[in-house]
1. Report whether or not I210 is closer than 29 Å to Q79 by Cβ and without any contact (Cβ under 8 Å) to a residue 60 or more places away in the chain.
2. Tell me yes or no: at least one residue of the stretch 328-347 is in the same structural domain as W388 (by TED's automatic domain parsing), surrounded by fewer than 22 Cβ atoms within 10 Å (Cβ to Cβ) and closer than 18 Å to D375 by Cα.
3. Identify the residue in the stretch 153-206 that is modelled with pLDDT under 95 and aromatic (F, W, Y) and, among all such residues, is surrounded by the most Cβ atoms within 10 Å (Cβ to Cβ).
4. When you look at V313, is it hydrophobic (A, V, I, L, M, F, W, C) and within 21 Å of the chain's Cα centre (by Cα), yes or no?
5. Tally time: how many residues in the stretch 182-199 are touching a helix residue (DSSP H, G or I) at 6+ places or on another chain (Cβ under 8 Å) and in a loop (DSSP other than H, G, I, E, B)?
6. Looking at the stretch 222-321, what helices (runs of 4 or more DSSP H) fall wholly within it and have at least 1 residues that are on the phi > 0 side of the Ramachandran plot, surrounded by fewer than 19 Cβ atoms within 10 Å (Cβ to Cβ) and in contact (Cβ under 8 Å) with a residue 40 or more places away in the chain?
7. Step by step: first the residues of the stretch 376-423, then only those that are of a type in the set (D, E) and modelled with pLDDT of 95 or more, then the one that is farthest from V324 (Cα to Cα). Which residue is that?
Amino acid sequence: MEQIYLFDEMEHAAKRKVASRTGTFTDNMKLPLHRWYRYSAGFSAEWAVKVIRDHNTGNGLVVLDPFAGSGTTLLGAEQAGVQGYGFESHHFVYRVARAKLLWHLDTKLISEMADQVLTSAKNKLSTLPENVAPLLTKCYSQEALQRLFALRDSYFELQSADTGWILIWLAITTVIRVCSHAGTAQWQYVLPNKSKSNVKEPFLAFRQKIAEMTADMLFAKNAGYTTDAKVLPLDSRIPYPDLEGSVDLVLTSPPYPNNYDYADATRLEMTFWGEIDGWGDLHKSIRQQIIRSCSQHAAADKLKLDTLLADDVIAPIRSELETVTRELEVLRETKGGKKAYHIMVAAYFNDLGRVFTSLRRLCKTGSDVCYVIGDSAPYGVYVPAERWLGQLAVAAGFKTFTFEKIRDRNLKWKNRKHTVPLHEGRLWIKG
């Protein structure tokens, strides 16, 4: 099956601009519910709602996002009034999505819980404990850290089995970064040695976040959102029997094979909540449960390239994959970091091949699958991600695939690792 590109160079400029933002989360930060938590690995919520509505024929559409992230597709399903399911194996991000799906709770109750936490926190200010994680002391002033810890400790003392407390957890979580003087890279990595000028006071930031959240909750209720979406802490590589043969539309953006460390993206928050002590804990806590899309993961798992290449799941792309990975295997020896890109790329497509095998069991005949995906070029060696993923999908039992480019990437080459032009788009797969 050859890749088919769908282009319309005469398309109106405004439409092109909208399409080019399909793969960006930026616009979501202006939208009710979606703006509660900034999760960089996302895509346009407005576009997701449009796709869901276009597929909804009134016959009980079931939508699945196997990489649910912070819940973009799931909230889109609720806005469109259809049944949505999501899988998320990153347990911290799963909790974020679960919290956002609780927008239908009583706003008065949430406000009362927040007031309890804030009142308690104001009475807890004291000297910092001696065992504060180094990352936190680098990222906060002593006063800010005292107040954040007061909020955290008050939450721990007051929380109960009431599901509303997860919204309080999320409100505290979302103010962690805005109260830090440390810079944040584009993809959420923390930069303790860089500073930003706009730093909020923790108690004020918490009050503002609660006000924003309760306002958004009322908005969603008045807008007629449904409450049928469910996020499950599951690995999309493993079939979920309860959904077998029931999915009409898969709408997602999987990890890209571009060495982005999804575990490191939440390191600051997880350190603050005491879930990890430092960077070294991320592999056991997070990476081992998620798709192998970064070299740190591949190296820590001590994977063997020959074993990965021998796996039957990558048979349709084995020849090309071996050529690329062998080149990377040699090239890494000439680089200072000697990153295990060759292992990462092979492991990534092994994982995504298993995802397609699982999805084929869950999808109805005639279903549609849409992946927002981008290619990559580690050490300047090109990886045609969308074509290889399409071939793996067809091998797993899907019928056809097409790719629709939405934007170019990596065209401004100043300070770049390589000068290979890249792109991002929508991989459409027919079930």
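The values are calculated or read from the model by the stated rules, or taken from the named source; none is laboratory data. The structure presented is a predicted model; accordingly, all values stated were derived computationally and were not measured. Every residue, glycine as well, gets a Cβ built from its backbone with ideal geometry; the counts of neighbours run over all protein chains shown.
1. Taking the combined requirement at face value, the residue does not satisfy it.
2. Looking through the stretch 328-347, none of the residues is in the same structural domain as W388 (by TED's automatic domain parsing), surrounded by fewer than 22 Cβ atoms within 10 Å (Cβ to Cβ) and closer than 18 Å to D375 by Cα.
3. Residue satisfying both the conditions and the ranking: Y189.
4. no
5. 4
6. Answer list for the stretch 222-321: none.
7. Ranking the candidates gives E404 first.
Here's the yes/no breakdown for (1) surrounded by fewer than 16 Cβ atoms within 10 Å (Cβ to Cβ); (2) out of contact with any strand residue (DSSP E or B) (no Cβ under 9 Å at 6 or more places or on another chain); (3) not assigned by TED's automatic domain parsing to the domain that holds G353:
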| position | (1), (2), (3) |
| --- | --- |
| N28 | no, yes, yes |
| D65 | no, no, yes |
| G71 | no, no, yes |
| Q79 | no, yes, yes |
| F87 | no, no, yes |
| A97 | no, no, yes |
| L101 | no, no, yes |
| T127 | yes, yes, yes |
